[in-house]
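Here's the structure, in structure tokens; my notes come after.
The values are calculated or read from the model by the stated rules, or taken from the named source; none is laboratory data. On a predicted model such as this, the values are computed, not experimentally measured, just so you know. Here the Cβ positions follow ideal geometry from the backbone for every residue, glycine too, while neighbour counts run over all protein chains shown. Quick note on the areas: whole protein, heavy atoms, side chains included, nothing else; ligands and nucleic acids left out. Shrake-Rupley method; radii C 1.70, N 1.55, O 1.52, S 1.80 Å.
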Amino acid sequence: MTQNPVQAPPLVLTVAGSDSGGGAGIQADLKTMLALGVHGMSVIAAVTAQNSLGVQGYWELPPEAVRAQLDSVLSDIGVHAIKTGMLASTALVETVAAVLAEATAPVVVDPVGVSKHGDALLATDAVDAVRTVLLPVATVVTPNLWEVEQLTGVKVVDESGLREAAEAVKELGPEWVLIKGGHLPGEPSDLLFDGEHEYRFTASRHDNRHTHGTGCTLASAIASYLALGETVPAAVEQAKEYVTGAIAAGFPLGSGIGPVDHGWRHRTA
């Protein structure tokens, strides 16, 4: 009997920094992709020395190394969705944005500026490049409130300010904006906006300090669901449900802030 050939799952590429502690960055992205049933691939833009206490240092890869990784994956394997995270410098932002401008797959941009511990992961002079060349190629951009203020100057102090923040980020060119309001008081509330329609997503707040990797995980989950064929609102809704469970299951690691649990569904099955 002839067997049908095995088909590859949907393909998702992350372009981001490496987290030596395994809770965020490339490592979180690939774990999320595996958990959600897609094949994860990676372009490493920077390497961090990082643990539960913070980021002790980071080193950017040369732009030509990042471009070569992108070319290798895209020319041979292809992608169904792309996610970007830590890009560190103007040169790397511009290199990646130039390639993504030619991509036909949806692009989820997590405009990483600082780590969970408050350590800078983006050069000050690179913020303008994120605004002018990276956000215009994004299908979805997922800033937290600090990143909204860094990109637009809009400071959100309560849930009523989420729409103003979304409008300000939308003016920078992405198709969709997801403003993450998790740092506001009350239940975590995020706002998704495409210039006309808005969707609000809420979740229970879990009393767990081990939340390292939350932003990377959410953006990777959105990219994974887009690769699986979901619409943007449906992808965000399902990604929010996944990351909420991962936060609830976050575990201690080292002496500081531990990671969310990317394998929570597997462990609770």
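All told, V43 falls short of being open to solvent by 60 Å² or more (accessible area, probe 1.4 Å) and under 30 Å from R209 (Cα atoms).
Per the listing E196, E187, E175, E237, the residue uniquely more than 22 Å from G17 (Cα to Cα) and free of Cβ contacts under 8 Å to residues at least 12 places away in the same chain is E196. If you go through the range 57-95 one residue at a time, how many are under 28 Å from Y225 (Cα atoms), open to solvent by less than 60 Å² (accessible area, probe 1.4 Å), part of a loop (DSSP other than H, G, I, E, B) and not aliphatic (A, V, I, L, M)? Residues in the range 57-95 being under 28 Å from Y225 (Cα atoms), open to solvent by less than 60 Å² (accessible area, probe 1.4 Å), part of a loop (DSSP other than H, G, I, E, B) and not aliphatic (A, V, I, L, M): 2 in total.
Out of all the residues in the range 134-171, which are of a type in the set (S, T, Y) and buried (at least 21 other Cβ atoms within 10 Å of the Cβ)? Let's see the steps before the verdict.
If we filter the range 134-171 for residues that are of a type in the set (S, T, Y), which is where we start, we get 139, 142, 152, 160.
Selection gives T139, T142.
In the range 24-42, the residues that are under 14 Å from A246 (Cβ atoms) reach residues that are in a helix (DSSP H, G or I) and of a type in the set (A, V, I, L, M, F, W, C) with C-beta atoms within less than 7 angstrom, at least six apart or across chains, in these pairs: A24/C216; A28/C216; D29/C216; T32/A221; L36/A221.
Of all the criteria given as (1) free of Cβ contacts under 8 Å to residues at least 60 places away in the same chain; (2) part of a helix (DSSP H, G or I), the one not satisfied by Q7 is (2). If you go through the range 210-269 and keep only what is open to solvent by less than 10 Å² (accessible area, probe 1.4 Å) and on the phi > 0 side of the Ramachandran plot, you end up with just G213. Looking across the range 103-132 at every residue that is under 23 Å from P9 (Cα atoms) and not β-branched (V, I, T), the one that is surrounded by the most Cβ atoms within 10 Å (Cβ to Cβ) is identified as P106. Within the set of pairs 6+ apart or on separate chains, which have a first residue in the range 153-164 that is under 16 Å from T202 (Cα atoms), a second that is in a loop (DSSP other than H, G, I, E, B) and open to solvent by 90 Å² or more (accessible area, probe 1.4 Å), and C-beta atoms under 7 Å apart? Final answer for the pair search is none. When A28, A24, A35 are checked against the criterion of being surrounded by fewer than 24 Cβ atoms within 10 Å (Cβ to Cβ), of a type in the set (A, V, I, L, M, F, W, C), within 19 Å of D261 (Cβ to Cβ) and in contact with a His (Cβ under 7 Å, 6 or more places away or on another chain), A35 stands alone in meeting it.
Can you pull out every residue in the range 219-255 that is under 23 Å from T268 (Cα atoms) and of a type in the set (V, I, T)? I222, V236, V243, T244, I247, listed by residue number.
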